[in-house]
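Q: Got a structure for you, written out below as structure tokens; questions coming shortly.
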Amino acid sequence: NLRVNWILTRRRAALYIPGGWETGPYDTRWLNFYPFFEQFGTFVTQGQGITAPDGTLRVEISADALAQVDPQQRQNLILEVTAVDESGFPVSARAETLFHPAAFYIGVRPEAWGIQAGAELGFSLQTVDWQVQPSGNHNISASFSKVRWVRKDPPGGLGEPTYEKELTPVASTDLRTDGLGRARVVFTPPNAGVYELAVSGEGALTSLLTWV
């Protein structure tokens with residue numbers, strides 16, 4: 001019969017594949033004027049409850065609340081529960097679990113981070129499971145687009161401007177990884193500029209930028 005308050009937050013959790021592989025959607029947090037706030041986590045939902053006679057409490061997170069979690073980004077979900085003891089002081093505990101966007105991840109490694117326009121640019125691909133072990137035979141799609149950053153000023157000029165990606169498709173292809181999760185894709189950027197490669201399949205997504 002102890003009343004407790006709980007709060008659920010989320011925080012990005014990058015997946016590291018040894019060998020210089022990029023995973024997950026391209027991280028645009030560097031465009032945020034206040035990026036340091038994200039280290040404390042992003043609010044998802046909160047609630048209250050009363051413990052049962054045996055001291056237990058089951059906290060259920062609704063599907064509507066979890067809809068706020070980016071379905072394409074690997075994240076830590078952190079639940080913090082706080083009660084007040086007999087002396088009036090708060091007592092807290094927290095636990096976390098990993099949110100996976102798909103059953104596997106796509107690692108992408110460019111063969112060069114910058115090339116001359118009109119030259120071929122190759123990318124190596126590697127699909128892995130949650131334990132970062134090779135996961136093969138996945139159908140994936142790769143799209144190559146030119147990027148233009150568009151400035152968006154706040155209404156009335158109050159606040160900081162934001163920047164959004166405007167993509168112009170250049171080429172795309174479908175492919176399948178081999179039994180060890182390996183594949184390779186090649187595109188030829190026609191003009192100088194910034195380009196984005198997005199590789200996706202079965203709920204997994206990895207994207208990165210390269211310079212031409």
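Q: Could you state the principal axis extents of the C-alpha atoms in the range 146-192, from the largest down, to the nearest angstrom?
A: Projected onto its principal axes, the Cα set of the range 146-192 covers 55, 26, 14 Å.
Q: Give me Rg/Rg_expected for the range 59-212, where Rg uses Cα atoms only and Rg_expected = 2.2 N^0.38 Å with N residues.
A: Values: Rg = 21.2 Å, N = 154, 2.2 N^0.38 = 14.9 Å.
Rounded to two decimals, the normalised Rg is 1.42.
Q: Can I ask one more? How much accessible area does H138 have with a 1.4 Å probe, in Å² rounded to the nearest 10?
A: 20
Q: Looking at I115, P90, A63, which one has the Cα that reaches farthest to the positive end of the dipole of the range 61-128 (charges on Cβ: Lys, Arg +1; Asp, Glu -1)?
A: I115
Q: Related question: Return the calculated 222 nm mean residue ellipticity for the chain, to the nearest 500 deg cm²/dmol, obtained by summing -39500 (n - 2.57) across DSSP H runs with n ≥ 4 and dividing by the residue count. List each step's numbers first, then the result.
A: Details: 1 runs with 4 residues, N = 212.
Rounded to the nearest 500, it is -500 deg cm²/dmol.
Q: For K152 paired with S92, estimate the spin-label separation in nm (one decimal), with each label point 7 Å from Cα along the Cα-to-Cβ line.
A: About 3.2 nm, to one decimal.
Q: Would you mind working out the accessible area per residue for the range 48-207, using a 1.4 Å probe, and quoting it in Å²?
A: Values: 9300 Å² over 160 residues.
For the range 48-207, the per-residue accessible area is 58 Å².
Q: Tell me the carbon and sulfur percent of the accessible area for the chain, rounded to whole percent, probe radius 1.4 Å.
A: 52
Q: Highest mean first, what order results for 41-47, 143-149, 66-72 on Cβ atoms within 10 Å?
A: In descending order of packing, they fall as 143-149, 41-47, 66-72.
Q: Subtract the Cα-Cα distance of Y163 and V84 from 0.36 nm times their separation in residues, and report this length gain in nm to one decimal.
A: Taking Y163 through V84 to full extension adds about 24.0 nm, to one decimal.
Q: Follow-up question, since we're still on this one. Sort S172, S124 by accessible area with a 1.4 Å probe, largest first.
A: From most accessible down to least: S172, S124.
Q: Can you give the accessible area of L205 in Å² (nearest 10), computed on protein heavy atoms with a 1.4 Å probe?
A: Number for this one is 40 Å².
Q: For the full complex of protein chains and a 1.4 angstrom probe, list I7, I115 by accessible area with the highest value first.
A: Accessible-area ranking of I7, I115, largest first: I7, I115.
Q: I would also like to ask the following. With only alpha-carbon atoms counted, please give the Rg and Dmax of the range 1-141, in Å.
A: 20.7, 73
The values are calculated or read from the model by the stated rules, or taken from the named source; none is laboratory data. Values in this document were obtained by computation on a predicted structure and should not be read as measured data. All Cβ positions, glycine included, derive from the backbone under ideal geometry; neighbour counts span all protein chains shown. These accessible areas exclude ligands, DNA and RNA; they are computed on the full protein's heavy atoms, side chains included. Shrake-Rupley method; radii C 1.70, N 1.55, O 1.52, S 1.80 Å.
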